[in-house]
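To start, the structure under review is shown below, and the notes come after it.
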Amino acid sequence: MSNELIEFVIVSVALLGIGIYGLAVKRNAIRMLFSIEIIINAANLNLVAFARFLPHSGGQTLALFSIAIAAAEVAVGLGLIIVAYRMYQNIDIADFRSLKG
Amino acid sequence: MADAAFLALSVLTIGTAIAALEFRSLVYGSIALMGTLGGVAGFFLLLDSPFVALFQIAVYVGSIAVLILFTVMLVRRELIFTKIEDPKRKWAGIGLMLIFMVGIGAIILDSGLKSITTDEPPVDFRDIGKDFLTYYWPALILMALILSSAVIGALTLARREDTVNEQRAD
(Lines give C-alpha, C1' and ligand atoms only; values in the text may rest on other atoms or scores of the structure.)
Protein backbone atom coordinates (compact mmCIF):
# COMPACT_ATOMS: atom_id res chain seq x y z
CA MET A 1 0.00 0.00 0.00
CA SER A 2 1.87 3.06 -1.23
CA ASN A 3 -0.62 5.68 -0.08
CA GLU A 4 -1.02 6.82 3.48
CA LEU A 5 -4.21 7.22 5.46
CA ILE A 6 -3.68 10.97 5.93
CA GLU A 7 -3.86 11.62 2.17
CA PHE A 8 -7.30 10.08 1.84
CA VAL A 9 -8.49 11.97 4.92
CA ILE A 10 -7.26 15.26 3.45
CA VAL A 11 -9.13 14.63 0.17
CA SER A 12 -12.20 13.84 2.26
CA VAL A 13 -11.85 17.13 4.19
CA ALA A 14 -11.53 19.02 0.89
CA LEU A 15 -14.74 17.41 -0.44
CA LEU A 16 -16.54 18.18 2.82
CA GLY A 17 -15.44 21.84 2.59
CA ILE A 18 -16.68 22.12 -1.00
CA GLY A 19 -20.01 20.61 0.04
CA ILE A 20 -20.40 23.07 2.91
CA TYR A 21 -19.59 25.95 0.54
CA GLY A 22 -22.31 24.75 -1.83
CA LEU A 23 -24.88 24.44 0.96
CA ALA A 24 -24.06 27.92 2.24
CA VAL A 25 -23.95 29.78 -1.08
CA LYS A 26 -26.22 28.09 -3.62
CA ARG A 27 -29.94 28.84 -3.62
CA ASN A 28 -30.92 26.31 -6.29
CA ALA A 29 -32.56 23.25 -4.70
CA ILE A 30 -30.94 20.76 -7.11
CA ARG A 31 -27.49 22.27 -6.49
CA MET A 32 -28.00 21.92 -2.75
CA LEU A 33 -28.76 18.25 -3.38
CA PHE A 34 -25.42 18.06 -5.26
CA SER A 35 -23.68 19.47 -2.16
CA ILE A 36 -25.34 16.89 0.08
CA GLU A 37 -24.17 14.13 -2.27
CA ILE A 38 -20.59 15.44 -2.17
CA ILE A 39 -20.67 15.52 1.66
CA ILE A 40 -22.02 11.95 1.85
CA ASN A 41 -19.26 10.80 -0.51
CA ALA A 42 -16.63 12.45 1.69
CA ALA A 43 -17.99 10.50 4.65
CA ASN A 44 -17.99 7.23 2.70
CA LEU A 45 -14.40 7.81 1.59
CA ASN A 46 -13.40 8.27 5.24
CA LEU A 47 -15.18 5.07 6.28
CA VAL A 48 -13.53 2.95 3.60
CA ALA A 49 -10.09 4.51 4.18
CA PHE A 50 -10.16 3.78 7.91
CA ALA A 51 -11.52 0.28 7.22
CA ARG A 52 -8.53 -0.39 4.93
CA PHE A 53 -5.93 0.79 7.41
CA LEU A 54 -7.29 -0.95 10.52
CA PRO A 55 -8.00 -3.43 8.65
CA HIS A 56 -11.58 -4.37 9.45
CA SER A 57 -14.59 -5.21 7.31
CA GLY A 58 -17.00 -3.11 9.39
CA GLY A 59 -16.15 0.15 7.62
CA GLN A 60 -16.93 -1.26 4.20
CA THR A 61 -20.23 -2.71 5.44
CA LEU A 62 -21.20 0.64 6.90
CA ALA A 63 -20.23 2.38 3.65
CA LEU A 64 -22.50 0.03 1.69
CA PHE A 65 -25.41 0.80 4.02
CA SER A 66 -24.65 4.51 3.71
CA ILE A 67 -24.69 4.37 -0.11
CA ALA A 68 -28.06 2.57 -0.09
CA ILE A 69 -29.62 5.07 2.34
CA ALA A 70 -28.23 7.96 0.28
CA ALA A 71 -29.99 6.54 -2.79
CA ALA A 72 -33.31 6.54 -0.91
CA GLU A 73 -32.66 10.08 0.30
CA VAL A 74 -32.01 11.36 -3.23
CA ALA A 75 -35.19 9.74 -4.56
CA VAL A 76 -37.32 11.42 -1.87
CA GLY A 77 -35.42 14.73 -2.22
CA LEU A 78 -36.00 14.87 -5.97
CA GLY A 79 -39.68 14.03 -5.43
CA LEU A 80 -39.94 16.96 -3.00
CA ILE A 81 -38.20 19.25 -5.50
CA ILE A 82 -40.69 18.25 -8.22
CA VAL A 83 -43.65 18.94 -5.90
CA ALA A 84 -42.18 22.31 -4.93
CA TYR A 85 -41.60 23.14 -8.59
CA ARG A 86 -45.24 22.35 -9.35
CA MET A 87 -46.44 24.56 -6.51
CA TYR A 88 -44.14 27.55 -7.03
CA GLN A 89 -43.00 27.15 -10.68
CA ASN A 90 -39.47 27.69 -9.38
CA ILE A 91 -36.66 25.71 -7.76
CA ASP A 92 -35.06 28.64 -5.95
CA ILE A 93 -35.35 27.89 -2.24
CA ALA A 94 -35.68 31.58 -1.45
CA ASP A 95 -39.19 31.31 -2.94
CA PHE A 96 -40.32 28.38 -0.79
CA ARG A 97 -41.88 30.45 1.95
CA SER A 98 -45.28 28.94 2.75
CA LEU A 99 -44.22 27.96 6.25
CA LYS A 100 -42.75 31.35 7.07
CA GLY A 101 -44.55 32.85 10.05
CA MET B 1 4.19 9.34 -0.58
CA ALA B 2 1.23 9.62 -2.88
CA ASP B 3 1.54 7.94 -6.26
CA ALA B 4 0.48 9.28 -9.64
CA ALA B 5 -2.90 7.52 -9.72
CA PHE B 6 -3.81 9.03 -6.36
CA LEU B 7 -2.83 12.54 -7.47
CA ALA B 8 -4.76 12.24 -10.74
CA LEU B 9 -7.85 10.97 -8.91
CA SER B 10 -7.64 13.78 -6.35
CA VAL B 11 -7.44 16.43 -9.07
CA LEU B 12 -10.35 14.79 -10.95
CA THR B 13 -12.56 14.43 -7.88
CA ILE B 14 -12.01 17.86 -6.34
CA GLY B 15 -12.01 19.63 -9.72
CA THR B 16 -15.29 18.09 -10.82
CA ALA B 17 -16.80 18.71 -7.38
CA ILE B 18 -16.09 22.43 -7.78
CA ALA B 19 -17.30 22.32 -11.39
CA ALA B 20 -20.56 20.61 -10.37
CA LEU B 21 -21.37 23.58 -8.15
CA GLU B 22 -20.00 26.32 -10.37
CA PHE B 23 -21.03 25.42 -13.95
CA ARG B 24 -23.79 27.77 -15.03
CA SER B 25 -25.95 25.04 -16.52
CA LEU B 26 -27.37 22.36 -14.23
CA VAL B 27 -27.05 19.75 -17.00
CA TYR B 28 -23.28 20.18 -17.19
CA GLY B 29 -23.24 20.38 -13.40
CA SER B 30 -24.85 16.98 -13.05
CA ILE B 31 -22.42 15.49 -15.58
CA ALA B 32 -19.55 16.93 -13.51
CA LEU B 33 -21.14 15.38 -10.41
CA MET B 34 -20.90 12.03 -12.19
CA GLY B 35 -17.14 12.68 -12.46
CA THR B 36 -16.92 13.31 -8.70
CA LEU B 37 -18.81 10.13 -7.86
CA GLY B 38 -16.68 8.12 -10.30
CA GLY B 39 -13.53 9.61 -8.78
CA VAL B 40 -14.62 8.48 -5.32
CA ALA B 41 -15.19 5.00 -6.80
CA GLY B 42 -11.58 5.18 -8.04
CA PHE B 43 -10.43 5.97 -4.50
CA PHE B 44 -12.30 2.90 -3.29
CA LEU B 45 -10.38 0.82 -5.86
CA LEU B 46 -7.09 2.32 -4.60
CA LEU B 47 -8.14 1.30 -1.09
CA ASP B 48 -8.52 -2.35 -2.22
CA SER B 49 -12.31 -2.31 -1.78
CA PRO B 50 -13.56 -3.38 -5.24
CA PHE B 51 -16.98 -4.42 -3.92
CA VAL B 52 -17.75 -0.96 -2.53
CA ALA B 53 -16.34 0.63 -5.70
CA LEU B 54 -18.68 -1.38 -7.93
CA PHE B 55 -21.61 -0.63 -5.62
CA GLN B 56 -20.72 3.06 -5.82
CA ILE B 57 -20.62 2.97 -9.63
CA ALA B 58 -23.88 1.01 -9.89
CA VAL B 59 -25.83 3.10 -7.39
CA TYR B 60 -24.35 6.57 -7.69
CA VAL B 61 -23.06 6.93 -11.24
CA GLY B 62 -25.64 4.59 -12.69
CA SER B 63 -28.84 5.59 -10.96
CA ILE B 64 -28.57 8.73 -8.83
CA ALA B 65 -26.80 10.84 -11.46
CA VAL B 66 -29.29 9.70 -14.13
CA LEU B 67 -32.21 10.45 -11.76
CA ILE B 68 -30.85 13.95 -11.22
CA LEU B 69 -30.45 14.44 -15.00
CA PHE B 70 -34.10 13.45 -15.55
CA THR B 71 -35.26 15.83 -12.82
CA VAL B 72 -33.28 18.63 -14.45
CA MET B 73 -35.08 17.84 -17.69
CA LEU B 74 -38.48 18.24 -15.99
CA VAL B 75 -37.70 21.80 -14.93
CA ARG B 76 -38.33 24.85 -17.11
CA ARG B 77 -35.40 25.83 -19.29
CA GLU B 78 -34.51 29.21 -17.84
CA LEU B 79 -34.42 27.83 -14.30
CA ILE B 80 -31.52 25.48 -14.93
CA PHE B 81 -29.13 28.37 -15.52
CA THR B 82 -27.75 30.09 -12.46
CA LYS B 83 -28.63 33.72 -12.06
CA ILE B 84 -25.92 36.09 -10.91
CA GLU B 85 -25.29 35.41 -7.24
CA ASP B 86 -24.88 37.86 -4.45
CA PRO B 87 -21.08 38.35 -4.39
CA LYS B 88 -21.09 39.06 -0.66
CA ARG B 89 -22.68 35.73 0.11
CA LYS B 90 -20.32 33.98 -2.29
CA TRP B 91 -17.20 35.40 -0.65
CA ALA B 92 -18.63 34.60 2.78
CA GLY B 93 -19.14 31.01 1.62
CA ILE B 94 -15.59 30.78 0.29
CA GLY B 95 -14.29 32.19 3.59
CA LEU B 96 -16.34 29.66 5.56
CA MET B 97 -14.99 26.84 3.39
CA LEU B 98 -11.38 27.97 3.85
CA ILE B 99 -11.74 28.43 7.62
CA PHE B 100 -13.30 24.99 7.85
CA MET B 101 -10.67 23.31 5.70
CA VAL B 102 -7.72 24.97 7.48
CA GLY B 103 -9.17 24.31 10.93
CA ILE B 104 -10.06 20.66 10.41
CA GLY B 105 -6.90 20.11 8.34
CA ALA B 106 -4.72 21.53 11.14
CA ILE B 107 -6.42 19.29 13.70
CA ILE B 108 -5.95 16.21 11.49
CA LEU B 109 -2.32 17.00 10.66
CA ASP B 110 -1.63 17.56 14.34
CA SER B 111 -3.15 14.23 15.33
CA GLY B 112 -1.39 10.90 15.13
CA LEU B 113 -2.93 9.93 11.78
CA LYS B 114 0.21 10.87 9.87
CA SER B 115 2.18 7.89 11.13
CA ILE B 116 -0.47 5.29 10.22
CA THR B 117 0.53 3.00 7.36
CA THR B 118 -0.35 -0.61 6.75
CA ASP B 119 1.23 -3.65 5.16
CA GLU B 120 -1.56 -6.02 6.07
CA PRO B 121 -3.59 -7.74 3.34
CA PRO B 122 -6.90 -6.06 2.46
CA VAL B 123 -10.25 -7.30 3.76
CA ASP B 124 -11.69 -10.06 1.60
CA PHE B 125 -15.05 -9.11 0.13
CA ARG B 126 -16.37 -12.54 1.02
CA ASP B 127 -16.13 -11.45 4.67
CA ILE B 128 -18.45 -8.54 3.87
CA GLY B 129 -21.02 -10.94 2.43
CA LYS B 130 -20.78 -13.16 5.50
CA ASP B 131 -21.16 -10.12 7.77
CA PHE B 132 -24.25 -9.02 5.88
CA LEU B 133 -25.98 -12.35 6.23
CA THR B 134 -24.98 -13.14 9.81
CA TYR B 135 -24.33 -10.19 12.07
CA TYR B 136 -26.08 -7.44 10.10
CA TRP B 137 -29.16 -9.28 8.85
CA PRO B 138 -31.71 -7.17 10.81
CA ALA B 139 -30.10 -4.03 9.41
CA LEU B 140 -30.23 -5.51 5.91
CA ILE B 141 -33.97 -6.22 6.19
CA LEU B 142 -34.56 -2.76 7.65
CA MET B 143 -32.63 -1.23 4.75
CA ALA B 144 -34.77 -3.10 2.23
CA LEU B 145 -37.91 -1.78 3.94
CA ILE B 146 -36.51 1.76 3.98
CA LEU B 147 -35.63 1.58 0.28
CA SER B 148 -39.07 0.31 -0.73
CA SER B 149 -40.84 2.87 1.44
CA ALA B 150 -38.63 5.61 -0.03
CA VAL B 151 -39.57 4.53 -3.56
CA ILE B 152 -43.29 4.47 -2.64
CA GLY B 153 -42.92 7.87 -0.96
CA ALA B 154 -41.17 9.39 -3.95
CA LEU B 155 -43.83 8.04 -6.32
CA THR B 156 -46.63 9.36 -4.10
CA LEU B 157 -44.98 12.77 -3.91
CA ALA B 158 -44.42 13.05 -7.64
CA ARG B 159 -47.89 11.80 -8.62
CA ARG B 160 -50.08 14.31 -10.39
CA GLU B 161 -53.49 14.67 -8.86
CA ASP B 162 -55.02 16.91 -11.50
CA THR B 163 -55.05 14.29 -14.27
CA VAL B 164 -58.33 12.44 -14.67
CA ASN B 165 -58.31 8.69 -14.94
CA GLU B 166 -60.07 8.07 -18.26
CA GLN B 167 -61.20 4.54 -17.51
CA ARG B 168 -62.78 5.53 -14.25
CA ALA B 169 -64.66 8.35 -15.94
CA ASP B 170 -66.51 5.94 -18.23
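The values are calculated or read from the model by the stated rules, or taken from the named source; none is laboratory data. Everything numeric in this text was worked out from a predicted model, so none of it was measured. All Cβ positions, glycine included, derive from the backbone under ideal geometry; neighbour counts span all protein chains shown.
Hey, can you tell me all the residues within region B:11-43 that are over 15 Å from the mean Cα position of the chain (by Cα) and either over 16 Å from residue B:67 (Cα atoms) or surrounded by 23 or more Cβ atoms within 10 Å (Cβ to Cβ) (or both)?
Answer for region B:11-43, where residues must be over 15 Å from the mean Cα position of the chain (by Cα) and either over 16 Å from residue B:67 (Cα atoms) or surrounded by 23 or more Cβ atoms within 10 Å (Cβ to Cβ) (or both): B:11, B:22, B:23, B:24, B:25, B:26.
Tell me the residue from A:79, A:19 that is more than 7 Å from chain B (Cβ to nearest Cβ) and not in a loop (DSSP other than H, G, I, E, B), please.
Going through A:79, A:19 in turn, just one is more than 7 Å from chain B (Cβ to nearest Cβ) and not in a loop (DSSP other than H, G, I, E, B): A:19.
Condition check: more than 7 Å from chain B (Cβ to nearest Cβ), modelled with pLDDT of 90 or more and surrounded by 19 or more Cβ atoms within 10 Å (Cβ to Cβ). Does residue A:42 satisfy that?
yes
What helices (runs of 4 or more DSSP H), lying completely within region B:55-170, carry at least 1 residues that are outside the structural domain of residue B:17 (by TED's automatic domain parsing) and either over 24 Å from residue A:50 (Cβ atoms) or over 21 Å from the mean Cα position of the chain (by Cα) (or both)?
The qualifying helices (runs of 4 or more DSSP H) are B:87-110, B:125-133, B:137-158, B:166-169.
What are the pairs, 6+ residues apart or on separate chains, where a residue within region B:104-130 that is of a type in the set (D, E, K, R) has its Cβ under 8 Å from a residue that is part of a helix (DSSP H, G or I)?
Here the result reads B:114/A:6, each pair linking region B:104-130 to a residue that is part of a helix (DSSP H, G or I).
Could you tell me how many of the residues in region B:136-161 are surrounded by 13 or more Cβ atoms within 10 Å (Cβ to Cβ) and among the hydroxyl-bearing types (Ser, Thr, Tyr)?
1
Any chance region A:19-36 includes a residue that's of a type in the set (Ser, Thr, Tyr), crowded, with 23+ Cβ neighbours inside 10 Å and modelled with pLDDT of 90 or more?
Looking for residues that are of a type in the set (Ser, Thr, Tyr), crowded, with 23+ Cβ neighbours inside 10 Å and modelled with pLDDT of 90 or more, one finds at least one in region A:19-36, hence yes.
Please determine whether any residue of region B:45-67 is surrounded by 13 or more Cβ atoms within 10 Å (Cβ to Cβ), among the charged types (D, E, K, R), within 8 Å of chain A (Cβ to nearest Cβ) and under 26 Å from residue A:45 (Cβ atoms).
yes
Looking at region A:82-101 only, could you name the residues that are surrounded by 15 or more Cβ atoms within 10 Å (Cβ to Cβ), assigned to a helix (DSSP H, G or I) and not aliphatic (A, V, I, L, M)?
Within region A:82-101, A:85 is the sole residue that qualifies.
Looking only at region A:2-34, count every residue that is among the acidic types (Asp, Glu) and touching a residue at least 60 places away in the same chain (Cβ under 8 Å) and tell me the total.
Residues that pass the stated criteria total 0.
Of the numbered conditions (1) farther than 19 Å from residue B:62 by Cβ; (2) more than 7 Å from every other protein chain (Cβ to nearest Cβ), residue A:70 satisfies every one except a single condition; which is it?
(1)
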